[in-house]
1. Of the conditions (1) assigned to a loop (DSSP other than H, G, I, E, B); (2) in contact (Cβ under 8 Å) with a residue 40 or more places away in the chain; (3) within 19 Å of Asn173 (Cβ to Cβ), Asp223 clears all except one; give me its number.
2. Which ones in segment 135-168 are of a type outside the set (D, E, K, R), part of a strand (DSSP E or B) and within 30 Å of the chain's Cα centre (by Cα)?
3. Can you tell me which residue within segment 258-280, out of those that are surrounded by fewer than 17 Cβ atoms within 10 Å (Cβ to Cβ) and not aliphatic (A, V, I, L, M), is nearest to Asp129 (Cα to Cα)?
4. Here's a check for you: in segment 359-383, which residue that is more than 30 Å from Ala327 (Cβ to Cβ) and among the hydroxyl-bearing types (Ser, Thr, Tyr) is modelled with the highest pLDDT?
5. Out of (1) under 21 Å from Gly238 (Cα atoms); (2) among the β-branched types (Val, Ile, Thr); (3) touching a residue at least 12 places away in the same chain (Cβ under 8 Å), the odd one out for Thr289 is which?
6. For segment 313-339, give me each residue that is among the β-branched types (Val, Ile, Thr) and under 22 Å from Ile370 (Cα atoms).
7. One residue is enough: does segment 340-353 have a residue meeting the conditions in a strand (DSSP E or B), basic (Lys, Arg) and farther than 22 Å from Glu261 by Cβ?
8. Restricting to segment 169-184, what's the tally of residues that are assigned to a strand (DSSP E or B) and either more than 30 Å from Met218 (Cβ to Cβ) or out of contact with any Asp or Glu (no Cβ under 8 Å at 6 or more places or on another chain) (or both)?
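The values are calculated or read from the model by the stated rules, or taken from the named source; none is laboratory data. From a predicted model like this one, the values you see are computed outputs, not experimental measurements. Methodologically, a virtual Cβ is constructed for each residue, glycine included, from the backbone with ideal geometry; neighbour enumeration extends over all protein chains shown.
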Amino acid sequence: MPGKFALSKGLSFPSAPDPEKAGYGQYYAGNNNHTLSASLHLKHDFDGNWQGEIGVLRQIADRESTAVTNTFTDNSGHYTTTTSSATASRFTINSYMANINGDVETGWLQHHISAGLRGFVWKNMNPLDGGTQTLGSASLADPVAFAEPDYPDFTHRYHSATATQHAFLLSDNLSFNPQWSLLLAGSESLLSTANYTQSGVRSSASSNRGFSGSASLMYKPIDPLTLYITCADSLQQGDTAPAGSNNAGEILTPYRSKQIEAGSKLAVGDMLLTAAVFQITRPFAYTQTDGNYAQDGKQRNRGVELMANGDVTPHLHLYGGMTWLDARLLSTASATTTDKQIVGLPKYTASLFVAWDLPVFSGTDVHAGIHYAGRRATDNSNASWVSSYTTLDAGAAYHTQLFNTATTFRFDVTNLTNRHYWANIVPGD
């Protein structure tokens, strides 16, 4: 698979290179993944009003990761290529759920009540002999095919971490009248984490319990319009330290996040128009200057989201939206990272997809799409950025019946202008 690119301290990404040029990845490098899942899900309707369901799942995910990373060493396109085999090579998950829901009338007040249990046990296993190897140096102008290194036996591994969560949930959607309703939801969660050394010694552990709650007040001034405001406070598992950090694979203590959102939903004919403003805060973790992945400060997301989906006319269909997102890192120990944009998140994104049914050829449509993403920070101090990009897509589709089966033939061209861009910017060292 193509290699990833990273930055040495103080450098900036160049313009996105041509992905068709061979050598940025290595022929042997990528991922060899195998996932085995088994699940059972049962639903039962008791009396036409009360329904229940139970489910269990067992999953074993084996991940042999041999991807390469090309780390730029200067602003002229030179890089050093490394490969890491230290990330978890097996995840096992056991999870369960049980729900029951139904309607109750108490005089003039109607209740839709739901109660449930759910939880999971998630274990990580890492290769005993995993590590990072340097393959050599090259440049964007002259990439090199390096010899394949000796990778470890990914089945020779140790139990590195366990995370568990169990929760009891209860919600009540109260309808006061056709205009006003209130949705109240809460859960009590038990969370725990444990991290282990290669010798099997538990290196750290944490446990927590807490209440998570949300409330949504909804108002319908007229039938096609709903206005709402939602507040939520929730407990969640902490992040896992990434490869390259001193404590790679360690699961951090649980987080508590808070959210408030207000919005509207309006149906105009066959179109649904939605608008929302929101703010979310939660603890933030990243790899510190000492090499340890740890919490430092908090992430605050403020945003506005607008969306339109549906049929403008019986033959013209539109799906699109835009988001303004101010995602900032606050209250960190260093002034260079406080009040900075979160790595990889653009302030502006927008997408629009339009399909037109051809009146002459029944069952045929032509369609086009446009996607825009604004510039993104590449480091926590916002010293460098990658530029914004716009991609265009177009195509046609023919809908018919083959052997009494609905069938669609499609022809699409994505990225019509062959725009080169950095697809995904994620935090690293």
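1. The single condition Asp223 does not satisfy is (2).
2. Correct list: Tyr158, His159, Ser160, Ala161, Thr162, Ala163, Thr164, Gln165, His166, Ala167, Phe168.
3. The qualifying residue nearest to Asp129 (Cα to Cα) is Lys258.
4. Here the residue is Thr364.
5. (3)
6. Within segment 313-339, Thr313, Thr323 meet the criteria.
7. yes
8. So the answer is 10.
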